[in-house]
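Peer 1: Next up is a structure, given as structure tokens.
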Amino acid sequence: MVVLRTAPGFSKVQHGRPQLSDTGCWVPHVTAGHSVVMNYRHPASADRIAGLIASSSASGTLLAIAADVRNRQEVNEMFVKASNEIGAVEVLINCAGINRDAAFMELTDEDWNAVVDTHLKGTFICSQEFVRQCKGPGSIINLGAACGIQGRINGANFCSAKGGVLALTKCMARELAPEIRVNCLTPSAVDTEEVRERYALDTKEGLQRVISAIPMARLGACSDVIHMVESILGAEFTTGENFFVNGGEFMQ
């Protein structure tokens, strides 16, 4: 999923949009009065976010648009619709992602292409289309992963894609400055549905195993990620950097 956002009270805003690995993480953008455009591939996920927004005291708006970030035409159409509905978009958050884990010698071409195209090619396409429609100062935040720096077992496709996202972030930051800032946000051990399933966090043993490796001695919350997003967006003299939200689990 990717997230497009306008400023609170933007005169042309009629709809809005959020997103991350866990659908609830971007609800605060809408409740803070922003217009948010959320892309989706699975209607059930979009319906879940819409339900969260409807049950909140949101002062912003949400626009959900079906689009595959790997497909240039669909992404272009998403930006055209967003522009027509809410006006110029000032923030892009590239956080679409999938996992296809397997041992290196068991990875198939399809496993490799699906993951790399979603994370890396999707970030490339969405960023280009964002820049083409951006009417003024803007900000891009790409979602990274610590394994894109240190690697991990059974994830060569995912780690390679995330390493590429970090390099792409630095390249875009150099080329797009000073009009558009580009930074990377690298969360880890955030309490989401996918993390709970991957690390068996619903068991006492699984939870203790993960927390024992985190100096802050707790899982991260979606609010921790949102606070860092807002900090990055407010840091107007910062570009090309990688910001960690991981309780000290990975330090560089």
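Peer 1: Could you look through the stretch 159-175, keep only residues that are in contact with a strand residue (DSSP E or B) (Cβ under 6 Å, 6 or more places away or on another chain) and not small (Gly, Ala, Ser), and pick out the one that is nearest to Met216 (Cα to Cα)?
Peer 2: Result: Leu166.
Peer 1: I've got another one for you. Any idea which residue in the stretch 206-234 is modelled with the lowest pLDDT, counting only those that are of a type in the set (Gly, Ala, Ser) and surrounded by fewer than 16 Cβ atoms within 10 Å (Cβ to Cβ)?
Peer 2: Ser223
Peer 1: Condition first: in a helix (DSSP H, G or I) and either surrounded by fewer than 16 Cβ atoms within 10 Å (Cβ to Cβ) or hydrophobic (A, V, I, L, M, F, W, C) (or both). Can you find one or more residues in the stretch 187-194 that meet it? So that I can check it myself, show each step before the final result.
Peer 2: Kept after step one, since they are in a helix (DSSP H, G or I), are these residues of the stretch 187-194: 193-194.
Next, from what is left, pick out any that are either surrounded by fewer than 16 Cβ atoms within 10 Å (Cβ to Cβ) or hydrophobic (A, V, I, L, M, F, W, C) (or both): 193-194.
Yes.
Peer 1: So, one more: Residue by residue through the stretch 126-158, note down the ones that are assigned to a loop (DSSP other than H, G, I, E, B), closer than 26 Å to Asn71 by Cβ and touching a strand residue (DSSP E or B) at 6+ places or on another chain (Cβ under 9 Å).
Peer 2: Cys134, Gly144, Ala145
Peer 1: Looking at the stretch 199-206, is at least one residue more than 21 Å from Asn142 (Cβ to Cβ), out of contact with any Leu (no Cβ under 9 Å at 6 or more places or on another chain) and not charged (D, E, K, R)?
Peer 2: Residues of the stretch 199-206 more than 21 Å from Asn142 (Cβ to Cβ): 199-206.
Remaining after also requiring out of contact with any Leu (no Cβ under 9 Å at 6 or more places or on another chain): 202-206.
Filter once more, so that each one left must be not charged (D, E, K, R): 203, 206.
Yes, the conditions are met somewhere in the stretch 199-206.
Each row is one residue, and each column tells you yes or no for (1) crowded, with 22+ Cβ neighbours inside 10 Å; (2) closer than 26 Å to Ile226 by Cβ; (3) in contact with a helix residue (DSSP H, G or I) (Cβ under 9 Å, 6 or more places away or on another chain).
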residue: Leu62; (1), (2), (3): yes, yes, yes
residue: Ala66; (1), (2), (3): no, yes, yes
residue: Val75; (1), (2), (3): yes, yes, yes
residue: Lys81; (1), (2), (3): no, yes, no
residue: Asn84; (1), (2), (3): no, no, no
residue: Gly97; (1), (2), (3): no, yes, yes
residue: Asp101; (1), (2), (3): no, no, yes
residue: Met105; (1), (2), (3): no, no, no
residue: Gly122; (1), (2), (3): yes, yes, yes
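Peer 1: Enumerate the pairs (first residue in the stretch 132-144 and in contact (Cβ under 8 Å) with a residue 40 or more places away in the chain; second residue anywhere and surrounded by 11 or more Cβ atoms within 10 Å (Cβ to Cβ) and among the aromatic types (Phe, Trp, Tyr)) with beta-carbon separation below 6 Å, excluding pairs fewer than 6 apart on the same chain, so at least 6 apart or on different chains.
Peer 2: Once the first residue is in contact (Cβ under 8 Å) with a residue 40 or more places away in the chain and sits in the stretch 132-144, its partners that are surrounded by 11 or more Cβ atoms within 10 Å (Cβ to Cβ) and among the aromatic types (Phe, Trp, Tyr) give Gln133/Phe79.
Peer 1: Cβ-Cβ below 7 Å, separation at least six or inter-chain, first residue in the stretch 224-252 and among the aromatic types (Phe, Trp, Tyr), second surrounded by fewer than 18 Cβ atoms within 10 Å (Cβ to Cβ) and outside any helix (DSSP H, G or I): which pairs?
Peer 2: Phe244/Phe250
Peer 1: May I pose another question? Just to be sure I understand the filter: pairs with C-beta atoms under 9 Å, separated by 6 or more residues or on different chains, first member in the stretch 30-47 and of a type in the set (D, E, K, R), second member modelled with pLDDT of 85 or more. Which pairs pass?
Peer 2: Qualifying pairs under 9 Å: Arg41/Ala66; Arg41/Ala67; Arg41/Asp68; Arg41/Val69; Arg41/Ala96; Asp47/Ala64.
Peer 1: Right, here's the next one. Quick one: in the stretch 207-252, of everything that is in a loop (DSSP other than H, G, I, E, B) and of a type in the set (Gly, Ala, Ser), which residue is farthest from Cys147 (Cα to Cα)? Explain how you work it out, then say what you get.
Peer 2: Residues of the stretch 207-252 that are in a loop (DSSP other than H, G, I, E, B), as a first pass: 212-219, 221, 235-241, 246-252.
The next check asks that each one be of a type in the set (Gly, Ala, Ser); those that pass are 212-213, 217, 221, 235, 240, 247-248.
Details: Ser212: 19, Ala213: 15, Ala217: 21, Ala221: 20, Ala235: 25, Gly240: 19, Gly247: 16, Gly248: 14 Å.
Looking at the filtered set, the residue picked out is Ala235.
Peer 1: Please verify whether Gly138 is within 26 Å of Ala235 (Cα to Cα) and either touching a Lys or Arg at 6+ places or on another chain (Cβ under 6 Å) or exposed (fewer than 15 other Cβ atoms within 10 Å of the Cβ) (or both), treating the condition exactly as stated.
Peer 2: For Gly138, the condition - within 26 Å of Ala235 (Cα to Cα) and either touching a Lys or Arg at 6+ places or on another chain (Cβ under 6 Å) or exposed (fewer than 15 other Cβ atoms within 10 Å of the Cβ) (or both) - is not met.
Yes or no, residue by residue, for (1) modelled with pLDDT under 95; (2) β-branched (Val, Ile, Thr); (3) out of contact with any helix residue (DSSP H, G or I) (no Cβ under 7 Å at 6 or more places or on another chain):
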{"position": "Pro137", "(1), (2), (3)": "yes, no, yes"}
{"position": "Val165", "(1), (2), (3)": "no, yes, no"}
{"position": "Lys204", "(1), (2), (3)": "yes, no, yes"}
{"position": "Glu236", "(1), (2), (3)": "no, no, yes"}
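Peer 1: What pairs come out if I take residues in the stretch 91-115 that are within 14 Å of Asn154 (Cβ to Cβ) and pair them with residues that are aliphatic (A, V, I, L, M) and part of a helix (DSSP H, G or I) whose C-beta lies under 6 Å away, six or more apart or interchain?
Peer 2: Note: pairs meeting the criteria are Arg100/Ala114; Arg100/Val115; Phe104/Ala156; Val115/Ala161.
The values are calculated or read from the model by the stated rules, or taken from the named source; none is laboratory data. What you are looking at is a predicted structure, and each value in this text was computed from that prediction instead of being measured. Note: ideal-geometry Cβ built from the backbone for every residue, glycine included; neighbour counts use all protein chains shown.
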